[in-house]
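The values are calculated or read from the model by the stated rules, or taken from the named source; none is laboratory data. Values in this document were obtained by computation on a predicted structure and should not be read as measured data. All Cβ positions, glycine included, derive from the backbone under ideal geometry; neighbour counts span all protein chains shown.
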Amino acid sequence: AKAAGKDRVAVFQAFMRSRLVEKMRLINCFPESMRRGEFFLEYQPQVALASGQLEGFEALVRWRHPTLGLIGPDRFIPLAEETRLIVPLGRWVLRTACFQAARWPAGDSQLSVSVNISGWQLQDEGFVDSVTEIIAASGLRPDRLVIEITESVLLTNPTLTATVLGELKALGIRVAIDDFGTGYSSLSQLRQLPVDVIKIDKSFIDPLVDPSSEGAAIVAMILRLGVDLKLATTAEGIEHQSQWDVLVGLGCSTAQGYLISVPLGAAATERFIAARLRV
Ligand code: C2E
Ligand code: CA
Ligand code: CA
Ligand code: CA
């Protein structure tokens, strides 16, 4: 039994070492990868639940590594945050999303582009200046840009967050609280922050597959909060028609998920827009 325990320890240590090696490998090639243009964005459509009309897209970053292949953000964003490389990477994401969205075939419509912003970016002194510069250089109308901030970031540094969000608001940019419902923010905190959109986390949308589930009561409560605070509400991770039907009934405003579309590359995004808007 003792030998088996030792084996397990050895296996565990080897596992941790390989994880660490993988981490170091990823981190080391990060700056070089940015220079070589290995990062790219995909865009996932967001549509109005009542009408099905296209409202905009969320930008999601991907990494095409020359030998490791396609790496998803769940694997490299946490590393980028640990090493603060998220600040230059996030700036690149924002710049690229604004420039690409400014060139979308929009017709008379005004599609939004939502960009995920890490807490480290918000805390970076030059953040608001760089947003201002990117907006001006891209020519994107500021009210087309939505900054997504996770509820946990709101909670860790509420004072700074409120200040920065106020400055973004003054520029005409909209703000969404991402992964809402997972972070226990209080009603009073929400009321004090200049927020425009609540994004209900996928974990609350999953149970709606079964319309009789108690999960609907929680979502109904979040949606009521949205109405009370005059905020738009987006449901993320919708995969099934039954979830869509429940959400329409509950008055959720916007839908995002595989049921509508998976995230699309830049060219496919433009084709999606052209097909939807007939421009
Ligand atoms: P998120 O902000 O919650 O983004 C939604 C994630 O759910 C995306 O995963 C999207 O592809 C996935 N998704 C959308 N609809 C469905 C669905 O119907 N079913 C399922 N199973 N999944 C769905 P992705 O692209 O892998 O991104 C994961 C997370 O990485 C994001 O979660 C976000 O927190 C982070 N992330 C992605 N891009 C960026 C970025 O540019 N900056 C920062 N700071 N974080 C990013
Ligand atoms: Ca998001
Ligand atoms: Ca989210
Ligand atoms: Ca999420």
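Just need a number here: residues in region 165-222 that are farther than 16 Å from Thr233 by Cα, within 16 Å of ligand 1 (Cβ to nearest atom) and among the acidic types (Asp, Glu).
1
Filter region 205-218 for residues that are at pLDDT below 95 and either under 21 Å from the mean Cα position of the chain (by Cα) or not in a helix (DSSP H, G or I) (or both) and give the result.
Asp210, Pro211, Ser212, Ser213, Glu214
Can you pull out every residue in region 205-233 that is in contact with a helix residue (DSSP H, G or I) (Cβ under 6 Å, 6 or more places away or on another chain), of a type outside the set (A, V, I, L, M) and surrounded by fewer than 21 Cβ atoms within 10 Å (Cβ to Cβ)?
Residues satisfying the conditions are Pro207, Pro211, Ser213, Gly215.
Yes/no matrix, rows are residues, columns are (1) within 16 Å of ligand 4 (Cβ to nearest atom); (2) modelled with pLDDT under 95; (3) within 23 Å of Ala267 (Cβ to Cβ):
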{"site": "Val113", "(1), (2), (3)": "no, no, yes"}
{"site": "Gln121", "(1), (2), (3)": "no, no, no"}
{"site": "Val146", "(1), (2), (3)": "yes, no, yes"}
{"site": "Glu151", "(1), (2), (3)": "yes, yes, no"}
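Identify, please: which residue in region 185-201 is away from ligand 3 (no atom under 16 Å from the Cβ) and of a type in the set (A, V, I, L, M) and is, among those, farthest from Ser112 (Cα to Cα)?
Leu187
Considering only region 241-258, how many residues are surrounded by fewer than 16 Cβ atoms within 10 Å (Cβ to Cβ) and either assigned to a helix (DSSP H, G or I) or away from ligand 2 (no atom under 16 Å from the Cβ) (or both)?
Filtering region 241-258 down to residues surrounded by fewer than 16 Cβ atoms within 10 Å (Cβ to Cβ) leaves 241-242, 245, 248-249, 251, 258.
Now restrict to residues that are either assigned to a helix (DSSP H, G or I) or away from ligand 2 (no atom under 16 Å from the Cβ) (or both): 241-242, 245, 248-249, 251.
So the answer is 6.
Taking region 1-58 on its own, how many of its residues are assigned to a helix (DSSP H, G or I), touching a residue at least 40 places away in the same chain (Cβ under 8 Å) and aliphatic (A, V, I, L, M)?
Counting residues in region 1-58 that are assigned to a helix (DSSP H, G or I), touching a residue at least 40 places away in the same chain (Cβ under 8 Å) and aliphatic (A, V, I, L, M) gives 3.
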